[in-house]
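What follows is a single structure, written as C-alpha cells, with notes after it.
The values are calculated or read from the model by the stated rules, or taken from the named source; none is laboratory data. Fair warning: this is a prediction, and the values are worked out from it, not measured in the lab. A quick note on method: Cβ atoms are made from the backbone with ideal geometry, for glycine too, and the neighbour counts reach across all protein chains shown. Heavy atoms of the whole protein, side chains included, go into the accessibility calculation; ligands, DNA and RNA do not. Shrake-Rupley method; radii C 1.70, N 1.55, O 1.52, S 1.80 Å.
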Amino acid sequence: MKAAMTAFASARYVLRLYVTGLSPRSMRAISNTRWICDTYLSGRYDLEVVDIAQHPAEAKDKQIVAAPTLIKTLPQPLRRFIGDMSQTERILLGLGLDVQLP
Amino acid sequence: MSKRTAASLPTLRKARTGIEGLDEITGGGLPAGRPTLVCGSAGCGKTMLAMEVLVRGATQFDEPGVFVMFEENAAEITANVRSLGFDLDALVAEKKIALDYVHIERSEIEETGDYDLEGLFIRLGYAIDSIGAKRVVLDTVEALFAGLPNHGVLRAELRRLFRWLKDRGMTAIITGEKGEGSAITRYGLEEYVADCVIVLDQRMHAQISTRRLRILKYRGTAHGMNEYPFLIGTHGFSVLPITSLQLDHKVTTQRVSTGIARLDEMLGGQGVFRGSSVLVSGAPGTGKSSIAAKLVETACRRGERALFFAYEESNAQIIRNMRSIGIDLETWVEKGLLTIHSSRPTLRGLEQHLVMMHDLVRTFDPAVVAVDPISNLTMANEDAEVKPTLMRLFDFLKKDQITAVFTSLTGGGDDEGSQLGVSSLMDTWLLLRNVEFTGEHNRTIFVRKSRGMAHSNQVREFVLSDSGIELVDVYLGDSQVLTGSARIAREAQENAAAILDGQDHQRRLRQLACRRKAIKAQIAALQAEADAEAEEVKFAITQDSLRKRNTHQSTDAMAQQRGGTKRKKQ
C-alpha cells in the first residue's frame, strides 16, 4: 500500500480537461484544475484543455457527456471528474494523492 | 367556443413514419419537429420502433436521422436491426444515419462541483449537423439517471434538451422504460415530453404473448384511441390499424372456379365471386383442407398468385398429402405462384397472426388466400375478442379483392354452431358432414349459403380419390339418402334385379323348348309301344294258325293207321 502510494506520489500525470467555450464555468474549471496541478503535481503533469464546442468529434471519441470533464488517463486507472473542479479534496482523492490539505 | 372549424385551421405538421398502420392511426405520422415519447416495458420493441422510424425517414422521406443510444453500442444495434433488413453500416456510410453511443461508467465518475450536460448537446448538435438530420432518437435517455448522481441537474438538463430539440425542429423519439404502477415512465419523462406519447405493451394471455400499441396522447390532433396489435416481423414493425369496419369495398361480378366442376355447378354453375369469402366448415376428416387446397391450386392454374396459411401441417406434409388426391401444389410453389406459410397457432396471439398475415398478403399480393383452419387460430382466445379481430382480416382481404377460403373445424355431429360467429361475415358457406351408415363414414357436402347467386340445395356426396375431388349424386329413393358403399350396394342391387329380369324371359323360353322336346319324346315312345303291340298280335295270330295246321296233319295220320286210307286216296 505504501509502495503504491509512493508510486502515485512520483508518477507522471496525463490529464485532459474538456470544457465548452469560455463560459464562467469553463473558466472556473480551468483555473481550479491549473491550481491543483501546480500545487500538488508540480513538474510531473501534462494538462491539455480541449474546447469541445470547437472539437465536437473529441467529445464523441472520449465519451464526454457532462461539462466540464477532467479525464485522468495516466496513471491507471482512468478517472473522470465532472464539475467545475471546485471540490479539491475529491479531486485529490480521485487522483490518488494522499495529501493533507492546508 | 370558436366558430371556426378544425378543418379551416392549419393542421399540425406530421412526419410520416413509413410504418404500416402507424401512420394511419396517428393520422399521418408523428408530430414533426417535436419530441414523441415511446414507452413500454423491457423487450416490447421501443428501440425497434424508434430505429425503424429513423431508417424509414432516412430512406423513404429523405429525412436523415441521428440515433443516440445509451444502452447498446453501435455494433450491437447494427447487428440487432440487421434482422429487420436494415443495413445501418451502409446508411451511416451514405450519411443518412448517424450513430452515437453515449456511455457513462458510474464507477469512473467523480462529481467535483457544478456541471451541465453540454457535452451531450454538443455531440448531438455535431451529429445532426454532420448529416443534416431531421429526426433524432434518444434510446434510452433514462440510462443517464444511473450514470449521473445528481438527478436535479439531470432533470433540468433533460428539460433543456427536449426544448433544444424542439427549437432545432427535430422530430424526436425519446424512449423510456415503463414505470411501476400507473407511472408512464420510471423517471417521469412524460413530464418533459408532452406532445405525443405512444405506449407499447407486451402481455401474456394463455401463454401467448401479444404486443400492442396505444397512443396515449397526441396533442393537437385526432388519433386512434384503441390498442392496436403490432408485430416485429422480418420487414420490420407493423401495426394492424383497421378498427372501423367501413363497408364500402368494391364488388365484382366476376366469378372464380373452385376447381371442382360439380361444386361450381352447385354454386350457380360458375363458382364463387372474386373477392368473396368462403367458409368451409366440418368435422375432422370431412375434407376441408382438400377443398381449400383445390381452390388454391385452381387459382395457380389460372396463373394467379395464392397464399396458403396452414396451421396444422407443415409445408412438406401438405404437399405430400394433397398429392395423394391429385392436387399438385409443389409445381406452383416452385414457380413462385404459391406460398405456403405454415406455423403453429400457439406461436403468437391471434392478433399477431393477423398482423403477420396482413404483412404477407401485402408483400406477396395474392389473388387467393386460404387459411386452414381458422378455428385453430382462435384456440387460445376468448370468444369476445375473436370476432372483431377476424373481422379485420376479412375486411382487409375484401378491400383488396382477394378471394379467401377459410376452413373451420367443428365438433362434429349436427352442432354446426355459428362458426365463431363469423359465418355471418362469409359470403359462401360450404358445410361438410360425415354420414355414418352401415358401418362406414362418408362425406357429404352442401351449400349452406351463398350470397348473390342461385345455388343448389342438394346434398352431394364428396369423394376423395387418387384422381382428385369428385362430387357424386347421392342415392335418393325409398325416402332415404344413401352414400358410400350403401349407395353402391343399392345401385348394384338394382342392376342385379334388372339383369335377373332379363334372364327370366330366356329361361322361360328355354323351358318351353324343353317341354316341347319332352312331349315329342313321349309321343315317340307311345308310337313305339303301339308298334310293339301290333307285332305281338301278329305273332300270336301266326302261332295260332300254325298250331291249327299241325292238328289237321296229326288227325289224318291217326286215321290212316286205323284204316282209313280213304282219306289218303282222297
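In this structure, the amide hydrogen of A:Leu74, modeled 1.01 Å from its nitrogen in the peptide plane, lies closer than 5 angstrom to those of A:Val14, counting only residues at least 5 positions away or on a different chain. Using a probe radius of 1.4 angstrom, the carbon and sulfur fraction of the accessible surface of chain B is 51%. Interface A/B, total buried accessible area with a 1.4 Å probe, nearest 100 Å²? Buried surface at the A/B interface: approximately 2300 Å².
According to the calculation over all Cα-Cα pairs in chain B, the P(r) per 20 Å bin from zero is 16, 33, 21, 10, 5, 4, 4, 3, 2, 1, 0 %. Principal-axis analysis of the Cα atoms of chain B puts helix B:46-60 at an angle of about 90° to the longest axis. A Cβ-based charge dipole, computed about the Cα centre of the protein assembly as shown with Lys and Arg at +1 and Asp and Glu at -1, lands at about 3420 debye. Size descriptors for the range B:438-570, from the alpha-carbon set: Rg then Dmax equal 45.2, 143 Å.
Between B:Ala146 and B:Glu494, the contour length at 0.36 nm per residue exceeds the alpha carbon distance by 116.2 nm.
Looking at the range B:143-193, what % of the alpha carbon pairs are farther apart than 14 Å? Distances greater than 14 Å cover 57 percent of the Cα pairs.
In the context of the full set of protein chains, the range B:85-182 has a per residue accessible area of 39 Å² (1.4 Å probe). Each other residue within a Cβ distance under 13 Å of A:Ile64 adds +1 if Lys or Arg and -1 if Asp or Glu, for a net charge of -3. Compared with the dominant principal axis of the Cα atoms in chain B, helix B:484-561 is inclined by about 10°.
Across chain B, C-alpha contacts under 8 Å between residues 6 or more apart give a mean separation that, scaled by the residue count, equals a relative contact order of 12 percent.
For the peptides B:159-166, B:518-525, B:119-126, what is the packing order when you average, over each peptide's residues, the other Cβ atoms within 10 Å and list the highest mean first?
B:119-126, B:159-166, B:518-525
A simple rule links phi to the HN-Hα coupling: the Karplus curve 6.51 cos²θ - 1.76 cosθ + 1.60 with θ = phi - 60°, which for the range B:280-296 gives 10, 10, x, 6, x, x, 8, x, 4, 4, 4, 5, 4, 5, 5, 4, 5 Hz, with x for Gly and Pro. Measuring max minus min along each principal axis, the C-alpha atoms of the range A:13-95 give extents of 30, 27, 21 Å (largest first).
So what's the net charge close to B:Arg186: Lys and Arg +1, Asp and Glu -1, counting the other residues with Cβ under 11 Å from its Cβ?
Taking every Cβ under 11 Å from that of B:Arg186, the sum is -3.
Counting charges near A:Arg90 (Lys, Arg +1; Asp, Glu -1) among other residues having Cβ under 9 Å from its Cβ returns a value of -3.
Just the protein heavy atoms count here, and of the accessible area of the range A:13-95 at 1.4 Å, carbon and sulfur take up 52 percent.
Rounded to two decimals, the Cα radius of gyration of the protein assembly as shown over 2.2 N^0.38 Å is 1.95.
Protein heavy-atom accessible surface, 1.4 Å probe, per residue over the range A:13-95: 44 Å². In the protein assembly as shown, taking the dipole from charged Cβ atoms about the Cα centre, the farthest positive-side position among B:Ile131, B:Gly113, B:Thr252 is held by B:Thr252. A loss of 50 Å² or more of accessible area (1.4 Å probe, protein heavy atoms, ligands and nucleic acids excluded) relative to the isolated chain is seen in these residues of the range B:111-150: B:Thr112, B:Asp114, B:Tyr115, B:Asp116, B:Ile122, B:Arg123, B:Tyr126.
Just how far, in whole angstrom, is the range B:27-92 from the range A:45-95 if you go by their alpha carbon centroids? Going from one Cα centre to the other spans 31 Å. The simple Förster model, with R0 at 25 Å and r as the Cβ-Cβ distance, assigns B:Arg155 and B:Lys217 a FRET efficiency of 0.75.
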